[in-house]
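The values are calculated or read from the model by the stated rules, or taken from the named source; none is laboratory data. Fair warning: this is a prediction, and the values are worked out from it, not measured in the lab. All Cβ positions, glycine included, derive from the backbone under ideal geometry; neighbour counts span all protein chains shown.
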Amino acid sequence: MATAVREQLARARYSAMHLEMRDSYMLDDPEFIRWRQGHREEPDDPASWWRPWLDVVREATKRGVVMRRLRVVSEPISDYIRYEYDLTFTNVAAGEIVRWLPRSNGSGLLLPIQDGWVMDERTVILHHFGGDGQWTGTGMETLHDPALAEQYASAYEAAWERAVPHAEYRPV
């Protein structure tokens, strides 16, 4: 499923925006389970936590693609969001810019109903999740639709302005 994102990111020329709005994803993920059992990554040992996705991010950002990830979260945060928060240093190390938007700071924003990506304000990759946070159907849908991309990008930018940079965000 992540292949669609990797392919589009490889084609991206200047921007990649990722919007995440769920409080949990795939609770059966072995890495999440390991984290719940007490495992924590050591920031000073990149060889122990570097993974292929981070190579994709680094390659894109080195080409000049500004890669931003916005996480809209409920507070107090769920265990899964705490897990993501604890691992976000890896995204930042690879070149992503990450911000957090507590739902309580989102009044008046009109956000899309699905998580997804916008690449170069032309392509949208929608994520399809069930209520349990598991992928449904095809998992992702790639749409080369500039009008939809503009809608997503506009909503994203409004939320981004209210969001807290990762280095400043302190989860409740």
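Going through (1) in contact (Cβ under 8 Å) with a residue 60 or more places away in the chain; (2) of a type outside the set (Gly, Ala, Ser); (3) within 23 Å of Glu150 (Cα to Cα) one by one, Thr61 falls short only on (1).
Per the listing Arg71, Arg82, the residue uniquely within 29 Å of His144 (Cα to Cα), at pLDDT 95 or above and of a type in the set (Lys, Arg) is Arg71.
Whenever a residue of the stretch 1-25 is surrounded by fewer than 20 Cβ atoms within 10 Å (Cβ to Cβ), its partners that are assigned to a strand (DSSP E or B) and of a type in the set (Ser, Thr, Tyr), lying with C-beta atoms within less than 7 angstrom and at least six residues away or across chains, give the pairs Ala4/Thr142.
Can you name every residue in the stretch 104-133 that is touching an Asp or Glu at 6+ places or on another chain (Cβ under 8 Å) and loosely packed, with under 14 Cβ neighbours inside 10 Å? Answer for the stretch 104-133, where residues must be touching an Asp or Glu at 6+ places or on another chain (Cβ under 8 Å) and loosely packed, with under 14 Cβ neighbours inside 10 Å: just Ser104. Checking every residue in the stretch 122-133 against the condition of being touching a Phe, Trp or Tyr at 6+ places or on another chain (Cβ under 6 Å) and not small (Gly, Ala, Ser) gives at least one match. The residues of the stretch 42-58 that are farther than 20 Å from Ala2 by Cβ and either under 14 Å from the mean Cα position of the chain (by Cα) or in contact (Cβ under 8 Å) with a residue 24 or more places away in the chain (or both), listed by number, are Pro43, Pro46. Scanning the stretch 141-169 for residues that are over 18 Å from the mean Cα position of the chain (by Cα) and charged (D, E, K, R) yields Asp145, Glu150.
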